[in-house]
Amino acid sequence: MKKENSALIKSASVTVKSVLKLKKGEKLLIITNPDDESLDISKSIYDAALTAGGKPCLMVQETKNQLDFTDDAVIGAISTAPDVLISISRNKLGKDRAAIASPYRIGEKSYESTFHYLVSGAKKSRSFWSPGITADMFSRTVAIDYDRLKKECLYLKAILDKASSVRVESKAGTDILIPVEGRETFCDDGDFSFPGSGGNLPAGEVFISPVVGKSSGVIVFDGSITTRGGDIVINTPIKVKVGNGFAGDIEGGKEAAILLDTIDKGMENATVFEKEGKLPAGKGGIYRKNARNIGELGIGLNPAAEIKGNMLEDEKAYRTCHIAIGSNYDDDAPALIHLDGLIKEPTITANFPDGSSTVFMKNGTIAL
């Protein structure tokens, strides 16, 4: 018999009561994998939801990676549009085969996932997704001060929403200008209590999609990075040259070689998927090109998060920012990959349309 984990139970209770604010009678779908840790977390949330008077349902599918497809039965369950959608996965939820072939559309926006269509598009459900979460991470990083997190998220969002561009610099050598004018800043503040809200758990970041084709400079990743084999802590910094919004030359040690291999595989699979009919005709080239797109700038705000070699937690760590290569969150640069890379102790300057600027993070410290 397993020993009861009080920290896990507490975090599950905080998840249901404070993060989701689950109401009596609400339907909650939890999608998970069969490994012990994913199941333990999912069952703790299931039990907390029952205690709160909700109607949870737990589904288990095999572990998926960035290029796998979600099981059809899981997509069918998601399509019922429960009040709450949760993905607790060892790696990824998986891609939505039918929605990629025939995306959902609302106005000019398209959604290649039923899950994200119901949350971000139709706003019928609320959600969180936790790719790669562990029991230790869930226990340490979920029961935090959400009032403080929301305050800091709103402070940074107010700056980024007004900015025309952002400059990121670091002592390790990062110096990149990222245009963001007209882009929306997203807050992963842990408030997933209303239809259309959603984000990661653990929560704790603000993030924005750069204007496509405009970023330029140099990125030096020196924290951790996502690869097709999993997230890795970086020992030898990875230098990425960026021009016209896309990653060019990649230099460094074995970590740089792994990153390059992952990007190459994302490009190769875009072509293969189109030939196999997994991508609509004409989309293979778009997905291939965007495998090198600069797709996100994010800033970590969770005081309990640490750099562990697990991006779900790493990207939330205080005193860091992350830049992603691959798809973005404005859905105008689709790709099969989204590779987050951490920059430690950055200095970040927001430039505004009137020519003024402000340094809102100095060597990793937020200038509140």
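Out of Ile250, Ile219, one residue alone is assigned by TED's automatic domain parsing to the domain that holds His322 and surrounded by 21 or more Cβ atoms within 10 Å (Cβ to Cβ). It is Ile219.
For Phe192, the criteria (1) part of a loop (DSSP other than H, G, I, E, B); (2) in contact with a Cys (Cβ under 7 Å, 6 or more places away or on another chain); (3) hydrophobic (A, V, I, L, M, F, W, C) hold in every case but one, which is (2). Only helices (runs of 4 or more DSSP H) whose full extent lies in the range 19-131 are considered here, and the ones with at least 3 residues that are within 30 Å of Glu274 (Cβ to Cβ) and among the β-branched types (Val, Ile, Thr) are 72-78.
Okay, residues lined up against (1) in contact (Cβ under 8 Å) with a residue 24 or more places away in the chain; (2) assigned by TED's automatic domain parsing to the domain that holds Phe352; (3) part of a strand (DSSP E or B); (4) in contact with a His (Cβ under 6 Å, 6 or more places away or on another chain):
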residue: Ile133; (1), (2), (3), (4): yes, no, no, no
residue: Tyr155; (1), (2), (3), (4): yes, yes, no, no
residue: Ala158; (1), (2), (3), (4): no, yes, no, no
residue: Arg167; (1), (2), (3), (4): yes, yes, yes, no
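Considering the range 39-73, the residues that are hydroxyl-bearing (Ser, Thr, Tyr) and surrounded by fewer than 19 Cβ atoms within 10 Å (Cβ to Cβ) include one that is nearest to the chain's Cα centre (by Cα), namely Thr63. The residue of the range 169-188 that is surrounded by the fewest Cβ atoms within 10 Å (Cβ to Cβ), among those that are of a type in the set (D, E, K, R) and either at pLDDT below 95 or not in a loop (DSSP other than H, G, I, E, B) (or both), is Glu184. Could you tell me whether the range 230-244 includes any residue that is charged (D, E, K, R), in a helix (DSSP H, G or I), closer than 30 Å to Asp145 by Cα and within 19 Å of the chain's Cα centre (by Cα)? No. Test Lys214 against the criterion of being in contact (Cβ under 8 Å) with a residue 12 or more places away in the chain, assigned to a loop (DSSP other than H, G, I, E, B) and closer than 19 Å to Ala291 by Cβ, and give yes or no. Spelling it out, Lys214 is indeed in contact (Cβ under 8 Å) with a residue 12 or more places away in the chain, assigned to a loop (DSSP other than H, G, I, E, B) and closer than 19 Å to Ala291 by Cβ. As a summary of the residue check, Asp96 satisfies the conditions (1) crowded, with 20+ Cβ neighbours inside 10 Å; (2) among the charged types (D, E, K, R); (3) under 27 Å from Ser13 (Cα atoms) except for the one numbered (3).
Scanning the range 222-247 for residues that are closer than 21 Å to Leu312 by Cβ, buried (at least 17 other Cβ atoms within 10 Å of the Cβ) and of a type in the set (Gly, Ala, Ser) yields Gly223, Ser224.
Screening Lys2 against (1) modelled with pLDDT under 95; (2) closer than 30 Å to Ile286 by Cβ; (3) surrounded by fewer than 16 Cβ atoms within 10 Å (Cβ to Cβ) leaves a single unmet condition, (2). Counting only strands (runs of 3 or more DSSP E) that sit completely within the range 303-368, those holding 2 or more residues that are in the same structural domain as Gly190 (by TED's automatic domain parsing), buried (at least 20 other Cβ atoms within 10 Å of the Cβ) and within 16 Å of the chain's Cα centre (by Cα) correspond to 320-326, 338-344. Looking across the range 317-368, the residues that are among the acidic types (Asp, Glu) and either within 17 Å of Glu205 (Cβ to Cβ) or free of Cβ contacts under 8 Å to residues at least 40 places away in the same chain (or both) come down to Asp330, Asp340, Glu345, Asp354. Looking only at the range 207-225, count every residue that is closer than 18 Å to Pro334 by Cβ and of a type outside the set (D, E, K, R) and tell me the total. The qualifying residues number 8. Entry remark, the range 135-153: residues being part of a helix (DSSP H, G or I) and under 20 Å from the mean Cα position of the chain (by Cα) number 12 in total. Restricting attention to the range 283-302, the residues being assigned to a loop (DSSP other than H, G, I, E, B) and under 24 Å from Arg167 (Cα atoms) number 3.
The values are calculated or read from the model by the stated rules, or taken from the named source; none is laboratory data. Bear in mind the structure is a predicted one, so any value in this text is a computation, not a measurement. As a convention, Cβ positions derive from the backbone with ideal geometry for all residues, glycine included, and neighbour counts pool all protein chains shown.
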